[in-house]
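Q: I have a structure here, written as structure tokens, and I will follow up with some questions on it.
The values are calculated or read from the model by the stated rules, or taken from the named source; none is laboratory data. No experiment lies behind these values; they were computed from the predicted model shown. In this analysis, Cβ positions are derived from the backbone assuming ideal geometry, glycine residues included, and neighbour counts consider all displayed protein chains. When the accessible area is computed, the model is the full protein with side chains, heavy atoms only, and any ligands, DNA or RNA have been set aside. Shrake-Rupley method; radii C 1.70, N 1.55, O 1.52, S 1.80 Å.
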Amino acid sequence: MPIITLPDGNRKEYDKPVSVYEVASDIGPGLAKATIAGEVGGNLYDACDIFNEDVNLRIITSKDDEGVEIIRHSCAHLVGHAVKQLFPKANMVIGPVIENGFYYDIAVEKTFTQEDVQSIEDRMRSLIRQKYDVIKRVMPRSDVIAAFKSRGEEYKLKLIEDMPDEESMGLYYHQEYIDMCRGPHVPNTSFLENFKLTKVSGAYWRGDSKNEVLQRIYGTAWSSKKELNAYLTQLEEAEKRDHRKLGRELDFFHFSEDAPGSIFWHPKGWKVFRQLIDYMRGRQERAGYIEVNTPDVMDRSLWETSGHWFNYRENMFSTQTEDERIFALKPMNCPGSVSMFSQGLKSYRDLPLRMAEFGKVHRYEPSGALHGLMRVRHFTQDDAHIYCTEEQMGQECIDVVALILEIYQDFGFEDIKIKLSTRPENRIGTDEIWDKLEGALSNALDTMGLGYVLFPGEGAFYGPKLEFVLRDAIGRDWQCGTLQVDMNLPERFDIAYVDEHGSRNKRPVMLHRAVLGSLERFIGILIEQYAGAFPAWLAPEHCVVMNITDKQSEFCSHVVELLIEKGFRASADLRNEKVGFKIREHTLQKVPYILVIGDKEVLSESVSVRKLGGEDLGVMRIGDFCDHLGHDIALFGRRSTSVDFE
RNA sequence: GCUCGCAUAGCUCAGGUGGUAGAGCACUCCCUUGGUAAGGGAGAGGUCCCCAGUUCGACUCUGGGUGUGAGCACCA
């Protein structure tokens, strides 16, 4: 005699076992039709699942996040149904839910073309139109194995082998097609109409590059047409912000076949780059850092000592000289930094020693990993190594975290995730030391009241690390800052300082940190975050001064000189073009301010100011404009600078 | 590195059963001196990514290479 309690406290009594669907029907026919699944005690159940005990039940529809996930999961099954109808020889592998959608990995001889994907999608739509019921059967293990054996589904059999303890499994029948799944799934295919197959690619079996490549079909699915379209529109918007596209349009940089993965910075892009470095220099100097510079090319033996030669040999650029010495281009700055530290005797009075370097590093990244500015083979780190005593370590960690967060605010990033990765299985050092190092990092976060996500076992073999993940304006995550405690290098390079008792072999603690990470990549993130419309302090150019006719040319040039003298980045556009044309061009180049000068302005020694986006700030004296621009620059990116225009 | 796709003017892209190619924008010149997102006209511009092969003939077909895109794997 089950009593079903609903979230609003309503209780329904039954004199026989009852299904999720039946409970929903008793509440109302509309809900019954919309029911996808039920939730009891945090577990999800199919609409057809039956309860014969008292439970607290929540009905899941497509309005619930769980409902959307189920829709996506069922869509993956529907891919299977369609693929097996069109390509009977295909072996279905796994079809999980991912963010915004789903995929299905398929083992099949032929490779799917765009046309194949289209025909699969068409078949899925016709199956949806049939509104057939998805039927669940829980079967004993042996029956499931027999079912897949008879259908030749080799990979499903392998997956079953991976679950030796399961006595029985759920099979979902999509007409003649069956799929194995924990479920739940939609009751019938009418729930699945708002989907679209998005791409097809290869993927390794079990995610291991040593294994065979399967074909992966990706799709997205939503509870309504509106949400589906919103998502597709968002993808289009993201494409418009693609930093590779904007980088070309704004004339920031280019790439060449002769230097794959390396950037040719044009004057405008380089201006932003220099601005970033200048800004970081100022920040770090105020935070008590010194800056050094170490060689780009160093002897192989150094990299053997650091361990890089052994661990990353294939990913390093190296070179052999006439005298047969082998040198490597530095893939990291730390060995150079350590060499710098060991130059001369260091006293405890020198600690903490915060040694920064804007080091250019080279890494021979796999060709398939290269991606615009985001993943390159030659990039600049805003790197620093802090050498300190064990007692100083805690405070240094706090200071680094505070500095990182403060800097991110200047760029307008508010949504910052922090990941703490702790001791991995393969590691050096005693548990006692690991306790201290992990404690230093977690204490820093706790002291500052910052939340973080723990990644147990994900730390480097030589120490734990913090990672700072930024979310950009279109919702993508980028790992930028890091703070690592390194027990490896001080040991390997045998560095030491003299303590207050004159002992010369005290080992310093070494912190390794970066704020922006790769400057190149950070600029890529910024381009996408700002959609190319940089806030004034970072913009390659603050303003363009333009005349209306030749008569005002001289005054325009005079104004530009004045602005440059005051330290602003300004240029003149005196071309014989209509003012509307020139405004359009500089607007497309996303210059923050456009200053128009006609006869009226010459007479009153003023400028007519137009902001990027079209806002008319009116006519003002040149000095007033300088004040206005100065204030804008001082804001950094702390105010929303997103501009709506096409 | 792996799977699949792509590579034609500075950019965005057309194009041809195999007979060396076009548009728009940009560029140069001329006219126009016009007050807040495209004034008009003319002109110039190409080893159709590279190397082989097939062919009387290859930008087009075949093979290899390079770069690039999506995803996978990798990211000290």
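Q: Restricting to region A:581-616, give me the number of residues that are aromatic (Phe, Trp, Tyr) and either in a strand (DSSP E or B) or on the phi > 0 side of the Ramachandran plot (or both). Can you show your working first?
A: Residues of region A:581-616 that are aromatic (Phe, Trp, Tyr), as a first pass: A:581, A:593.
Restricting the remaining residues to those that are either in a strand (DSSP E or B) or on the phi > 0 side of the Ramachandran plot (or both) gives A:593.
Residues in region A:581-616 being aromatic (Phe, Trp, Tyr) and either in a strand (DSSP E or B) or on the phi > 0 side of the Ramachandran plot (or both): 1 in total.
Q: Taking region A:413-437, which residues are out of contact with any helix residue (DSSP H, G or I) (no Cβ under 7 Å at 6 or more places or on another chain), open to solvent by less than 30 Å² (accessible area, probe 1.4 Å) and not aliphatic (A, V, I, L, M)?
A: A:Phe413, A:Ser421, A:Pro424, A:Trp434
Q: Would you tally the residues in region A:163-175 being at pLDDT below 95 and either open to solvent by 50 Å² or more (accessible area, probe 1.4 Å) or of a type in the set (Gly, Ala, Ser) (or both)?
A: Total satisfying the criteria: 7.
Q: For the subset of region A:588-603 comprising residues that are buried (at least 19 other Cβ atoms within 10 Å of the Cβ) and under 43 Å from the mean Cα position of the chain (by Cα), which member is farthest from A:Pro535 (Cα to Cα)?
A: A:Val596
Q: Output the qualifying pairs, or none if there are none: Cβ atoms under 9 angstrom, residues six or more apart or on different chains, first residue in region A:622-646 and over 15 Å from A:His542 (Cβ atoms) and at pLDDT below 95, second residue within 14 Å of RNA strand B (Cβ to nearest atom) and among the polar types (S, T, N, Q).
A: A:Phe645/A:Thr587
Q: Name the residues in region A:612-634 that are within 9 Å of RNA strand B (Cβ to nearest atom), open to solvent by 40 Å² or more (accessible area, probe 1.4 Å) and closer than 26 Å to A:Gln409 by Cβ, would you?
A: Within region A:612-634, A:Gly613 is the sole residue that qualifies.
Q: Would you tally the residues in region A:212-248 being over 27 Å from A:Val93 (Cβ atoms), surrounded by 13 or more Cβ atoms within 10 Å (Cβ to Cβ) and either within 11 Å of RNA strand B (Cβ to nearest atom) or charged (D, E, K, R) (or both)?
A: 10
Q: Let me ask something else about it. All but one of (1) more than 16 Å from RNA strand B (Cβ to nearest atom); (2) open to solvent by 20 Å² or more (accessible area, probe 1.4 Å) hold for A:Met355, so report the exception by its number.
A: With respect to (1) more than 16 Å from RNA strand B (Cβ to nearest atom); (2) open to solvent by 20 Å² or more (accessible area, probe 1.4 Å), A:Met355 is out only on (2).
Q: Only one of A:Val23, A:Val55 is touching a strand residue (DSSP E or B) at 6+ places or on another chain (Cβ under 9 Å), touching a residue at least 24 places away in the same chain (Cβ under 8 Å) and open to solvent by less than 20 Å² (accessible area, probe 1.4 Å); which?
A: Values: A:Val55 fails: open to solvent by less than 20 Å² (accessible area, probe 1.4 Å).
The match here is A:Val23.
Q: For region A:254-282, give me the residue count where each residue is within 22 Å of the chain's Cα centre (by Cα), within 12 Å of RNA strand B (Cβ to nearest atom) and either surrounded by fewer than 17 Cβ atoms within 10 Å (Cβ to Cβ) or not aliphatic (A, V, I, L, M) (or both).
A: Of the residues in region A:254-282, 2 are within 22 Å of the chain's Cα centre (by Cα), within 12 Å of RNA strand B (Cβ to nearest atom) and either surrounded by fewer than 17 Cβ atoms within 10 Å (Cβ to Cβ) or not aliphatic (A, V, I, L, M) (or both).
Q: Could you tell me which of the residues A:Met487, A:Met546 is out of contact with any Ser or Thr (no Cβ under 7 Å at 6 or more places or on another chain), among the aliphatic types (A, V, I, L, M), closer than 30 Å to A:Lys240 by Cβ and free of Cβ contacts under 8 Å to residues at least 60 places away in the same chain?
A: Criteria check complete, one pass: A:Met546.
Q: I'd like the full set of residues that are outside any loop (DSSP other than H, G, I, E, B) and closer than 18 Å to A:Gln381 by Cα, limited to region A:299-327.
A: If the condition is that a residue be outside any loop (DSSP other than H, G, I, E, B) and closer than 18 Å to A:Gln381 by Cα, then A:His308, A:Asn315 are the ones that fit.
Q: Is there a residue being in contact (Cβ under 8 Å) with a residue 24 or more places away in the chain, among the acidic types (Asp, Glu) and near RNA strand B (Cβ under 9 Å from one of its atoms) anywhere in region A:582-604? Write out each step before concluding.
A: So in region A:582-604, the residues in contact (Cβ under 8 Å) with a residue 24 or more places away in the chain come out as A:582-583, A:586-599, A:601-602.
After this cut, where a residue has to be among the acidic types (Asp, Glu) as well, the list is A:599, A:601.
Checking which are near RNA strand B (Cβ under 9 Å from one of its atoms) leaves us with A:599, A:601.
Yes: region A:582-604 contains one or more residues that are in contact (Cβ under 8 Å) with a residue 24 or more places away in the chain, among the acidic types (Asp, Glu) and near RNA strand B (Cβ under 9 Å from one of its atoms).
Q: Let me ask something else about it. Return the pair list, or none, for Cβ contacts closer than 7 Å from residues in region A:353-370 that are over 13 Å from A:Gly517 (Cα atoms) to residues that are open to solvent by 70 Å² or more (accessible area, probe 1.4 Å) and part of a strand (DSSP E or B), at least 6 apart or on different chains.
A: A:Arg354/A:Ile290; A:Met355/A:Ile290; A:Glu365/A:Arg375; A:Ala369/A:Arg375
Q: Suppose we filter region A:460-499 for residues that are assigned to a loop (DSSP other than H, G, I, E, B), open to solvent by 30 Å² or more (accessible area, probe 1.4 Å) and either among the polar types (S, T, N, Q) or under 30 Å from A:Ala238 (Cα atoms) (or both); how many remain? Show your work before the answer.
A: To start, the set of residues in region A:460-499 that are assigned to a loop (DSSP other than H, G, I, E, B) comprises A:461-462, A:464, A:472-476, A:487-488, A:493-496, A:499.
Pick out the ones that are also open to solvent by 30 Å² or more (accessible area, probe 1.4 Å) and you get A:461-462, A:473, A:475-476, A:487, A:493-494, A:496.
In the following step, the residues that additionally are either among the polar types (S, T, N, Q) or under 30 Å from A:Ala238 (Cα atoms) (or both) were identified as A:473, A:475-476.
Total meeting the criteria: 3.
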